[in-house]
Amino acid sequence: MAMKTRKKIKPSRLTNELLATANDMRKSGLLTKSAHDKITMRHLGRSAVPTAVTAAISGADIRAIRERAKLSQAVFARVLNVTPGYVSQLERGDKTPTGPALVLLNVIRRKGIDAIL
């Protein structure tokens with residue numbers, strides 16, 4: 001059985017012009033890095049998530065975030081849709097957050113707990 005490969009689609013001329021305009025706007029300071037990344041991902045189909053969203057976070061940081069929100073581990077786990085045991089492991093440094101939990105933790109760190117409640 002032959003393995004199928006995906007054909008790479010060449011961006012259209014319009015897409016190339018839009019991306020060139022976005023690059024120029026970024027260089028001139030009219031467009032933020034996050035807005036530029038969003039445009040690039042949307043039009044080139046890149047699945048990379050901006051690093052601000054997935055920045056590494058330590059156990060001590062997670063505990064500080066939870067304590068700043070004045071939440072118990074159980075309530076914080078419910079907010080993140082994980083188990084209280086997982087939150088405990090994260091805070092001790094036994095595990096590192098990944099996927100949606102990491103993204104939510106970074107949102108809470110940047111914008112506060114009210115951003116997701």
- Item | Those residues of region 105-117 which are out of contact with any Asp or Glu (no Cβ under 9 Å at 6 or more places or on another chain) and surrounded by fewer than 19 Cβ atoms within 10 Å (Cβ to Cβ), in sequence order | 107, 110, 111, 112, 113, 114, 115, 116, 117
- Residues located in region 36-70, provided they are in a helix (DSSP H, G or I) and at pLDDT 85 or above: 59, 60, 61, 62, 63, 64, 65, 66, 67, 68
- Scanning region 75-117 residue by residue, the ones that are acidic (Asp, Glu) and outside any helix (DSSP H, G or I) total 1
- Of the residues that sit in region 72-102 and are within 16 Å of the chain's Cα centre (by Cα) and buried (at least 16 other Cβ atoms within 10 Å of the Cβ), which one is nearest to residue 55 (Cα to Cα)? 102
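The values are calculated or read from the model by the stated rules, or taken from the named source; none is laboratory data. Because the structure is predicted, anything quoted here is derived from the model rather than measured. Using ideal geometry, Cβ is built from the backbone for each residue, glycine included, and neighbour counts are taken over all protein chains shown.
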